[in-house]
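One structure below.
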Amino acid sequence: MPSLLNPNLKVERAKTHLDVLDGRVADFTRPDRYRVSPSDDLEAGQYVVVLENDFPPLDFGTIAGDFINNLRSALDHLAWQLAALTTATPSRDLCFPICGTYSVSTEEYIRKCTSDFPTEAVSVVQSFQPYNSGNAYRETHLWRLNFLWNVDKHRYITLRNSSIELNFPRMPVALAPTTEIIDERGIVRFPLAAKQYMDFPPQVRMDVGFGDDSKGVLLTIRDFRDMYKFVSETVIPAFSGFFSEPPILRQRPKIRYDE
């Protein structure tokens with residue numbers, strides 16, 4: 001009987017990978033892993049603080065890919081279960097469509113992908129489409145999920161140290177620095193007058209970015225958490241009314257193996 005069991009199993013597998021990745025990133029970005037080097041740049045009238053950290057381990061990208069693939073697969077499992085409500089032989093075009101922009105061809109594509117869905121379910125699918133956000137479609141969770149899913153199928157998900165937060169509690173707001181990342185080094189430039197307000201070691205936080213630099217897409221582990229929450233707590237439950245079978249594993253009888 002069709003149910004949300006299979007989509008939820010894929011979602012939970014995605015969470016397993018996300019939890020592993022979250023722990024690895026937290027360990028990699030511990031404050032004691034940074035090397036902080038301050039210096040005076042008298043010619044520029046600046047006090048320069050350089051933060052150095054190693055490049056993120058390459059397997060971060062493969063773990064992220066496993067997370068992305070399972071979460072995206074959950075939506076296609078959902079599509080299969082929706083189609084199974086109306087037919088025993090779903091169309092080969094069946095999938096959960098995700099479209100960033102709207103056009104006549106978009107409408108045709110969604111129609112093909114959802115041809116076996118209950119009519120009301122098609123409307124729910126359309127309500128989640130990134131194109132509903134207009135020019136901000138690239139900021140939506142589903143567009144990012146689908147984009148990274150396609151990236152991971154064909155090439156490696158880009159990794160980089162994506163952002164730096166350097167905090168000196170006594171620093172006046174007027175002496176705010178400029179920050180840039182060059183060759184995995186965070187370079188923070190303060191006015192020389194800021195030097196008297198600095199206590200070392202500073203409070204530091206750095207993120208690992210995942211994405212595709214060529215397309216300007218770079219997400220953090222917090223973005224992944226938000227993406228997971230959106231799919232698991234908003235998208236999939238929105239279809240629960242179409243199913244009568246609860247999305248739980250039935251208790252299997254225990255089997256005894258006698259020696």
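The values are calculated or read from the model by the stated rules, or taken from the named source; none is laboratory data. Just so it is clear, the structure is predicted and the values come from calculations on it, not from any experiment. Counting neighbours? That spans all protein chains shown, and the Cβs are built from the backbone with ideal geometry, glycine included.
Observations, loosely collected:
Yes/no matrix, rows are residues, columns are (1) surrounded by 19 or more Cβ atoms within 10 Å (Cβ to Cβ); (2) among the acidic types (Asp, Glu); (3) under 20 Å from the mean Cα position of the chain (by Cα):
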site: Val50; (1), (2), (3): no, no, no
site: Asp54; (1), (2), (3): no, yes, no
site: Ile63; (1), (2), (3): yes, no, yes
site: Phe67; (1), (2), (3): yes, no, yes
site: Leu71; (1), (2), (3): yes, no, yes
site: Ala74; (1), (2), (3): yes, no, yes
site: Ala79; (1), (2), (3): yes, no, no
site: Thr86; (1), (2), (3): no, no, no
site: Thr89; (1), (2), (3): no, no, no
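- Identity of the residue in segment 206-244, among the small types (Gly, Ala, Ser) and not in a helix (DSSP H, G or I), that ends up farthest from the chain's Cα centre (by Cα): Ser244
- The set of residues in segment 89-121 that are in a loop (DSSP other than H, G, I, E, B) and under 18 Å from Pro7 (Cα atoms) comprises Pro90, Leu94, Cys95, Phe96, Pro97, Ile98, Thr114, Asp116, Phe117, Pro118.
- Scanning segment 219-247 for residues that are among the polar types (S, T, N, Q), touching a Pro at 6+ places or on another chain (Cβ under 9 Å) and over 14 Å from Val11 (Cβ atoms) turns up just one, Ser244.
- Inter-residue pairs, beta-carbon under 6 Å, first within 14 Å of Asp93 (Cα to Cα) and in segment 106-135, second of a type in the set (Val, Ile, Thr) and at pLDDT 95 or above, 6+ apart: Thr114/Val122; Thr114/Val125; Asp116/Thr86; Asp116/Thr87
- Filtered residue count, segment 198-211, keeping only those that are loosely packed, with under 14 Cβ neighbours inside 10 Å and either at pLDDT 80 or above or among the aromatic types (Phe, Trp, Tyr) (or both): 1
- Within the set Val124, Val151, the sole residue that is touching a helix residue (DSSP H, G or I) at 6+ places or on another chain (Cβ under 6 Å) and in a helix (DSSP H, G or I) turns out to be Val124.
- If you filter segment 191-233 down to residues that are touching a residue at least 12 places away in the same chain (Cβ under 8 Å) and among the polar types (S, T, N, Q), you find that the one that is farthest from His154 (Cα to Cα) is Gln203.
Yes/no matrix, rows are residues, columns are (1) assigned to a helix (DSSP H, G or I); (2) farther than 26 Å from Thr140 by Cα; (3) free of Cβ contacts under 8 Å to residues at least 40 places away in the same chain; (4) in contact with a Leu (Cβ under 8 Å, 6 or more places away or on another chain):
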site	(1), (2), (3), (4)
Pro7	yes, no, no, yes
Pro38	no, yes, no, no
Asp66	yes, no, no, no
Asn69	yes, no, no, no
Thr86	no, yes, yes, no
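- Which numbered condition Cys99 misses (of (1) in contact (Cβ under 8 Å) with a residue 40 or more places away in the chain; (2) within 25 Å of the chain's Cα centre (by Cα)): (1)
- Boolean, Ala79 is more than 19 Å from Asn146 (Cβ to Cβ), among the small types (Gly, Ala, Ser) and touching a residue at least 24 places away in the same chain (Cβ under 8 Å): no
- Close pairs (7 angstrom Cβ cut-off, 6 or more residues apart or separate chains): more than 12 Å from Met206 (Cβ to Cβ) in segment 20-35, assigned to a helix (DSSP H, G or I) and of a type outside the set (Val, Ile, Thr) anywhere: Leu21/Phe60; Leu21/Ala64; Leu21/Phe67; Arg24/Phe60
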